[in-house]
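The values are calculated or read from the model by the stated rules, or taken from the named source; none is laboratory data. Quick caveat: nothing in here was measured; it's all calculated off a predicted structure. So basically every Cβ, Gly included, is an ideal-geometry build from the backbone, and we count neighbours across all protein chains shown.
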Amino acid sequence: MKVVNYYTPCIESFDKTGSLKTALSTNEQLTVLKKMAEEWGIDLENAERWMKGDEYKSQRKLAVSFTTLATEVVDKVESIFGKKLEGEVRLSPSLMRFDGFARYDSGSHAVWFGIDHPDADEGYLKALMAHELSHVYRDHQPKVWSFLGKPLTDVSRKEYLDAMTAHEHITSEGLATLFSQLVYPEVPLHLHHYYFPEEMQWCLANYSKIDKAIIDCLKTDQEIWKFYEDDIIEEGSPSRTQYYWSARKINEWLTTNHVKSPSDYKTALIQAHGWHAGEFLCFQ
Ligand SMILES: [Zn+2]
């Protein structure tokens, strides 16, 4: 996976011009980032105010150090999978909006990675990058998208999104959440879920409520993406509870059915990345 650094040219142009808008529209290296900011409707003036403020200093320091650390993370993940991943990791300013996501198009992924995100620290960024790369690895496993009946390079972004089912969503997010824990066991659990400690605590204490709500959803409208919102399970429940739920389901199922000794777990988790969503009997 190629690592492309948009952060350094952006922050250099920003320092020189004092304006984020000017930096993005005058530095040709940043054309892709500018397009992406427009696509997301990002408020550049707000981001600029934040980047000029005192609290940004620590996030800038983190981002600068992560521009060198990123290659190490990619190498570590690729050595665990035993495979070079296809596509590009784009280190970028978060513009206060995005931390990480793998954007699929025509058989390749651009992993946008906002390395100065307000919520991020080093453990968060490492866990998130391992998570996104797990999605990339899974998408290239032969059984995952074979039902589309053509090579992945011929599958457009729209076809991919249209073909995304609730079961593939929970399978891929559960695996990615478990994979980052495998790569970085020293990073605290809440950071593998992008939570504050109290949000993690809520999930641990209310598993049966999450379980009921998600099983109901899978049996009815399958609108699993609603769990990205806060307060879906009940007032005060955190967003993204489907990640915690599916990771826990897969973990329990793999450990019971596919792992004979703890040393098999890593192999089982990597193999499971190649199984079709319908094979995950833990979600049936
Ligand atoms: Zn994910």
**OP:** Any residue in the stretch 101-126 that's of a type in the set (Lys, Arg): show its pairings with residues that are part of a strand (DSSP E or B) at Cβ separation under 9 Å, as long as the two are six or more apart or on different chains.
**Re:** Arg103/His109; Arg103/Ala110; Arg103/Val111; Arg103/Trp112
Original post:
Any idea which of (1) closer than 24 Å to His135 by Cβ; (2) touching a residue at least 12 places away in the same chain (Cβ under 8 Å); (3) over 14 Å from the mean Cα position of the chain (by Cα); (4) outside any helix (DSSP H, G or I) is the one Tyr195 doesn't satisfy?
Top reply: (3)
Original post:
Which one of these is away from the ligand (no atom under 16 Å from the Cβ), under 26 Å from Thr267 (Cβ atoms) and at pLDDT below 95: Pro142, Pro151?
Top reply: Pro142
Original post:
So which residues in the stretch 257-284 are farther than 21 Å from Val183 by Cα and either assigned to a helix (DSSP H, G or I) or modelled with pLDDT under 95 (or both), if there are any at all?
Top reply: Asn257, Ala277, Gly278, Glu279, Leu281, Cys282, Phe283, Gln284
Original post:
Any idea which residue in the stretch 73-126 is surrounded by the fewest Cβ atoms within 10 Å (Cβ to Cβ), counting only those that are small (Gly, Ala, Ser) and at positive phi?
Top reply: Gly82
Original post:
Among Leu182, Leu161, which is the only one that is touching a helix residue (DSSP H, G or I) at 6+ places or on another chain (Cβ under 8 Å) and within 16 Å of the ligand (Cβ to nearest atom)?
Top reply: Leu182
Original post:
Does any residue of the stretch 217-225 turn out to be in a helix (DSSP H, G or I), under 19 Å from the mean Cα position of the chain (by Cα) and over 17 Å from Leu128 (Cβ atoms)?
Top reply: yes
